[in-house]
Amino acid sequence: MKSPQGTSDDSDLVKARIRAIRAAHPGNLMARHFDADYFASLDAPKRDRLLRIIGSGVENPDSQMGAYARDAEDYDEFAALLDPMIRDYHGIAEGEDIAQQHDWSGASSRCDLAAIDPALSGVSMRVRVGRNLGGFPLPGAMTQAQRLEFEALVAEAFAVLREDPQFGGHYLSLTPGLPHTIGEAEYQRRVAAHQMFKDMSGDKYLRAAGISADWPYGRGMYVSGAEDFLVWVGEEDQLRIMAMARGGDVARLFARLRDGLERLGGLLPPFAHSPRYGYITSCPTNLGTAMRASLHLPLPGLTAGGADLGAVKKAASGLRLTVRGAAGEHSGAGQGGLVDISPRARLRITETGIMRCLYEGAAALWSLEQEGDAAPAP
Ligand code: ARG
């Protein structure tokens, strides 16, 4: 299904294919909630749009979600399919009000892991939010010209931010031939330092959704002088805004992001936001706060030196955390059993709720790890 045309012949093929996916991959939420009668009720242009939204999930049967929005409006216009998928993924019953709320007050509180154990005073922490501007399509539907236009618009904001005493830094573009374009060696150095994103066409889901198209045009990154405030341009969302730190003070990390977000947001047109789903993102898994907060916890005991994530995953799910290897999505545990833990919820939880979940979850896993150390002597 490389280029869905939306003809009735194609539609029949797609319907049969989705039926087959539903049988073979019950975890694919697009296939689970796809309703052939709803699809047939749409006019041809809308059928075509819907086929493009679900294209990644059709092309990749092993998808968990299986759809990416291409316009902020898609979430309302195609709610008949997307809303049940969103509720299923985020665990919200049908008919229950979503009405996403935001609250950053936790960033002003005290929330330091070093107070629990000084050994946690140097963990690697990161929190990011996805943001998109209402004036552009979402990345899957952007033309190369729009990607460049978008980059030029945010570059103007970065030119102001560069002079800011707190957030001053520089913009590094991957677009060939711009004044701030960086070379391959600098790009690879930034990727290795976990600052810059990888070539997205390596991700089959993003590739099928058209999100990685036109690489590297319109892609880049702003980085503050202290390298603790970063903005990705042109990844899965138009903007991924993040704060990074080594330490244990989770509240301080959140405050850094909140302040930078306010500063940058003030220099840009408004972010796309829905009263129901909160901040609009390409992937329905990220709606709501659009926030992923994580930290790297050394859990050699619980992971058998990094060999087995099973026990940690089990403990973590009760704490509403997801666990992955320290090297990113779909990776094993890193050296010394270093794992990346992150609150699973994005939607119908506030920013403060995510912060508390991360802090309390890290504390709970750490105490499990210590209990293992202190196994009773025979
Ligand atoms: N589209 C993929 C799926 O449905 C990825 C979902 C979550 N990951 C992400 N980077 N948005 O499984």
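Each Lys and Arg contributes +1 and each Asp and Glu -1, all at the Cβ; summed about the Cα centre of region 224-312, the dipole is approximately 220 debye. With the whole protein complex present, TRP232 retains an accessible surface near 40 Å², based on a 1.4 Å probe.
Could you tell me which of rounded, prolate or oblate describes region 33-186, using a ≥ b ≥ c as the square roots of the eigenvalues of the alpha-carbon gyration tensor, with rounded for a/c under 1.5 and, failing that, prolate when a/b is larger than b/c and oblate otherwise? Oblate shape, in that a/c is at least 1.5 and b/c is the bigger or equal ratio.
Between the amide H of GLY220 and those of LEU174, VAL233, distances stay under 5 Å, these residues lying 5 or more places away or on another chain, with hydrogens modeled in the peptide plane. Here region 114-227 is treated with +1 on each Lys and Arg Cβ and -1 on each Asp and Glu Cβ, and its dipole about the Cα centre works out to around 340 debye.
Computed over protein heavy atoms with a 1.4 angstrom probe, the accessible surface ordering of LYS314, LYS204, largest first, is LYS314, LYS204. Each part reduced to its alpha carbon centroid, region 222-246 and region 271-309 end up 16 Å apart. Per residue, the accessible area of the chain comes to 43 Å², computed with a 1.4 Å probe over protein heavy atoms only.
Given a 1.4 Å probe and every protein chain left where it sits, what share in percent of the accessible area of the chain is carbon and sulfur? Spell out each step's value before the answer.
Values: 8440 of 16330 Å².
The value for the chain is 52 percent carbon and sulfur by accessible area.
Considering only LEU319, LEU287, LEU82, the mean-square fluctuation computed in a Gaussian network model of the chain, springs between alpha carbons under 10 angstrom, is largest for LEU319.
Roughly how many debye, to the nearest 20, is the charge dipole of region 1-112 about its Cα centre, given +1 on each Lys and Arg Cβ, -1 on each Asp and Glu Cβ, and no other charges? Walk me through the numbers before you get to the answer.
Working: 13 positive and 21 negative charges, 100 e Å.
It works out to roughly 480 debye.
Restricting to Cα pairs below 8 Å that are 6+ residues apart, what does the relative contact order work out to for region 253-294? Please round to a whole percent.
For region 253-294, the relative contact order is 20 percent.
Candidates ALA315, GLN238, PRO216 compared by Cα position along the dipole of region 205-336: farthest toward the positive end lies ALA315, with charges placed on Cβ.
If a/c stays under 1.5 just call it rounded; otherwise compare a/b with b/c (prolate if a/b is bigger, oblate if not). Do that for region 54-95, with a ≥ b ≥ c from the square roots of the Cα gyration tensor eigenvalues. In terms of gyration-tensor shape, oblate. Taking 0.36 nm per residue of separation and subtracting the current Cα-Cα distance, fully stretching the chain between ILE92 and ASP76 would add 4.0 nm. For the chain, a Kirkwood radius taken over Cα pairs fed into Stokes-Einstein (37 °C, viscosity 0.692 mPa s) yields D = 150 µm²/s.
TYR359 contributes about 40 Å² of solvent-accessible surface, heavy atoms of the protein only, 1.4 Å probe. Taken as Cα centroids, region 20-87 and region 156-211 sit 31 Å apart, rounded to the nearest whole angstrom.
The values are calculated or read from the model by the stated rules, or taken from the named source; none is laboratory data. Computed from a predicted model, the values in this text were never measured in an experiment. Backbone-built Cβ (ideal geometry, glycine too); neighbour counts: all protein chains shown. Side chains are part of the model used for accessible areas, which takes the heavy atoms of the whole protein and leaves out ligands, DNA and RNA. Shrake-Rupley method; radii C 1.70, N 1.55, O 1.52, S 1.80 Å.
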